[in-house]
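Worksheet: the structure to be examined is printed underneath.
The values are calculated or read from the model by the stated rules, or taken from the named source; none is laboratory data. As the structure is a prediction and not an experimental result, all values here were calculated from the model. Quick reminder, even Gly has a Cβ in these numbers, built from the backbone with ideal geometry, and neighbours come from all protein chains shown.
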Amino acid sequence: MKSVATNPVKIRSLEELAQYADYSFVNSMNPDPQSREDGVDHYPREVFSGHYVPVNPTPIENPIYIAHSKELFSELGFDDALATSQDFMQLFSGDSSQLPAPMKKSGWATGYALSIYGTEYYEQCPFKTGNAYGDGRAVSILEGVFGGKRWEMQLKGGGRTPYCRGADGRAVLRSSIREFLAQEHMHALGVATSRSLTLYTSRSEKVRRPWFLNGSYSRDPEVMIEEDVAITTRVAPSFLRVGQLELFGRRARKNEHANAKEELEKLVLHIIKREYSELIDAKLPLEKKIIALALEFQKRLTSLVADWIRVGYCQGNFNSDNTAVGGFTLDYGPFGFIDMFDPRYQPWTGGGVHFSFLNQPQAAERNFHMFYTALLPLLESHEKALEELTKIRNAFGRVMQAKMIKMWAAKLGLESFNAELFNELVVLMIDTSVDYTIFFRELSAVPDEIAPLTKSFYGDAIYDDKLLGRWKEWLEQWHSLINVTTLESKERLSEQMKQTNPKYTLREWFLVPAYKAAERGDYTLIKELQDVMNNPYGEGSKEIEEKYYKEKPSELFEIAGISHVSCSS
């Protein structure tokens with residue numbers, strides 16, 4: 001959907017790549033005063049202040065190349081051969097010991113607070129203070145400017161940090177494949193997201209993880225299994241989170257140390273510089289910058305959540321620490337793409353209705369509230385700005401609703417939203433058990449009768465005459481509202497709707513065979529999914545359509561590890 005600029009320069013070696021390094025975050029933010037300059041800091045501890053901890057990633061043993069994003073490589077100006085070159089592989093599989101100048105050998109990890117649906121939590125921190133919650137297995141290793149755009153590169157599964165809370169700091173192959181494919185798929189869908197650079201695994205290093213028995217219906221893991229470790233590199237303009245801002249807001253609010261408010265202000269200004277510099281005038285006073293930041297973040301977050309629902313995506317663990325202040329999809333732990341339409345769809349066993357599919361707008365508002373709360377200490381002496389900020393916070397629901405209405409109208413091919421038509425559709429989709437993606441894609445062909453829509457019906461609804469009668473009435477009402485008077489106008493509307501309603505989404509039951517094959521060293525399905533899911537609005541070949549444009553098999557419903565996942569591992 002999106003056209004992207006590519007770096008005209010070809011980077012063919014790590015030495016050439018090093019010349020683009022530009023570490024704005026670590027060069028301008030405060031390191032933890034208790035940290036070590038050498039980055040040897042891999043055990044759980046409390047971090048009381050500072051914006052980051054210097055920490056070396058821990059390399060995986062005997063790295064093996066699986067895949068890279070050719071599109072992102074092109075955008076960055078990376079030669080594809082880099083992905084399999086030895087020194088590049090070493091760096092992006094966690095070995096930063098031998099790097100050309102001016103690259104830094106030490107990476108960095110950041111702390112953040114935890115809020116769940118607008119409630120502050122401290123219990124997940126082993127010290128019960130919130131001072132040990134943060135990047136437990138994500139280590140940023142590079143920041144640079146490529147083709148005029150700033151990017152940060154972060155290893156997911158890069159080893160222990162002070163925030164690891166006693167865990168091993170690793171990601172397993174299964175979850176790494178999911179994240180690697182999902183990020184580039186979301187980009188292709190036109191949804192704001194972090195990106196995937198590379199995926200490497202190890203054939204000698206393994207970790208134990210809780211998982212499900214084959215064919216189990218359990219909601220909780222039943223066994224411990226050995227899994228291959230992997231590292232995927234995710235790339236974004238920054239990895240600054242609402243939870244991160246919230247941590248510094250809490251410290252300033254509680255006056256936890258002498259520099260708490262100063263560190264909060266410094267972080268806010270860096271967020272504006274990194275994520276909103278083209279939108280917010282650097283010459284404005286601080287209070288006006290904060291108001292502008294809140295307005296722009298509100299726009300991005302509401303647009304993001306509307307896009308999630310448009311493509312059938314559910315962020316199963318939509319906490320404030322999984323909310324990027326840049327307004328893009330950040331974390332691909334327990335996520336899922338919906339099959340059968342269910343407003344309460346939730347792919348994560350540890351989640352609940354509060355993070356379910358159609359409750360994501362409400363969850364976003366709770367996260368925006370935490371963003372708002374974190375900014376308050378900086379406006380204590382600016383009553384007028386504080387009133388403005390509160391108005392922005394209180395307007396979130398209205399802005400979100402407007403974005404949702406606009407999105408639903410686009411999915412339905414309407415010039416303006418019709419509540420009666422939409423409400424009846426939701427009831428019909430639930431009563432019929434409709435496949436969300438297939439229904440809207442079939443509707444995008446602007447059918448004259450209901451037969452094509454029945455391709456999306458699960459079960460025996462196609463034999464229910466009363467239900468089919470209701471569908472016929474709905475389709476007639478829809479036809480009376482769309483602006484189609486000629487064959488040309490029908491084709492124009494169809495094309496428009498097809499660019500709103502994808503044909504292919506990355507359903508979990510497509511992913512499972514791919515990562516099971518990868519466990520045997522067969523990466524063929526990963527490559528195939530890359531090709532298909534990076535062109536989600538295309539029609540695809542007959543073979544691809546038969547394989548990936550179909551309803552979820554009935555025997556896979558409620559199966560653990562396919563219909564629901566326990567954690568990101």
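Some notes on this structure:
- Test for residue 120: is it acidic (Asp, Glu) and closer than 30 Å to residue 204 by Cα: no
- Any hit, segment 173-180, residues being assigned to a loop (DSSP other than H, G, I, E, B) and touching a residue at least 24 places away in the same chain (Cβ under 8 Å): no
- Considered as a group, the residues in segment 397-419 that are touching a residue at least 40 places away in the same chain (Cβ under 8 Å) and of a type in the set (D, E, K, R) include one that is surrounded by the fewest Cβ atoms within 10 Å (Cβ to Cβ), and that residue is 415.
- Lone qualifier among 210, 237 - being surrounded by fewer than 22 Cβ atoms within 10 Å (Cβ to Cβ), under 21 Å from residue 512 (Cα atoms) and not β-branched (Val, Ile, Thr): 210
- Entry remark, segment 444-463: residues being part of a loop (DSSP other than H, G, I, E, B), under 21 Å from residue 341 (Cα atoms) and touching a residue at least 12 places away in the same chain (Cβ under 8 Å) number 7 in total.
- Hits in segment 9-41 - residues which are surrounded by fewer than 16 Cβ atoms within 10 Å (Cβ to Cβ), assigned to a loop (DSSP other than H, G, I, E, B) and within 28 Å of the chain's Cα centre (by Cα): 22, 30
- Residue 97 polar (S, T, N, Q), in contact with an Asp or Glu (Cβ under 7 Å, 6 or more places away or on another chain) and part of a loop (DSSP other than H, G, I, E, B): no
- At least 2 residues being aliphatic (A, V, I, L, M), at pLDDT 95 or above and closer than 30 Å to residue 343 by Cβ is the threshold, and among the helices (runs of 4 or more DSSP H) wholly inside segment 371-432 those reaching it are 396-411, 419-432.
- Members of segment 115-144 found to be closer than 18 Å to residue 234 by Cβ and either in a strand (DSSP E or B) or touching a helix residue (DSSP H, G or I) at 6+ places or on another chain (Cβ under 9 Å) (or both), listed by number: 134, 138, 139, 140, 141, 142, 143, 144
- Test result for residue 221, out of contact with any helix residue (DSSP H, G or I) (no Cβ under 7 Å at 6 or more places or on another chain) and not in a strand (DSSP E or B): yes
- Among (1) closer than 30 Å to residue 266 by Cβ; (2) more than 31 Å from the chain's Cα centre (by Cα), the one test that residue 449 misses: (1)
- Subset of segment 215-241 [closer than 20 Å to residue 183 by Cα and of a type outside the set (Phe, Trp, Tyr)]: 229, 230, 231, 232, 233, 234, 235, 236, 237, 238, 240, 241
- Matching entry among 63, 8 (being within 30 Å of residue 526 (Cα to Cα) and at pLDDT below 95): 8
- On the stretch given as segment 240-276, residues that are more than 21 Å from residue 47 (Cβ to Cβ) and either crowded, with 23+ Cβ neighbours inside 10 Å or modelled with pLDDT under 95 (or both) total 1.
- Segment 83-102, subset over 16 Å from residue 143 (Cα atoms) and among the small types (Gly, Ala, Ser), residue surrounded by the fewest Cβ atoms within 10 Å (Cβ to Cβ): 97
- Filtered residues of segment 86-107 (kept if more than 16 Å from residue 153 (Cβ to Cβ) and among the small types (Gly, Ala, Ser)): 97, 101
- Test: residue in segment 150-158 that is closer than 28 Å to residue 526 by Cα, of a type in the set (Lys, Arg), in contact with a helix residue (DSSP H, G or I) (Cβ under 6 Å, 6 or more places away or on another chain) and surrounded by 24 or more Cβ atoms within 10 Å (Cβ to Cβ): no
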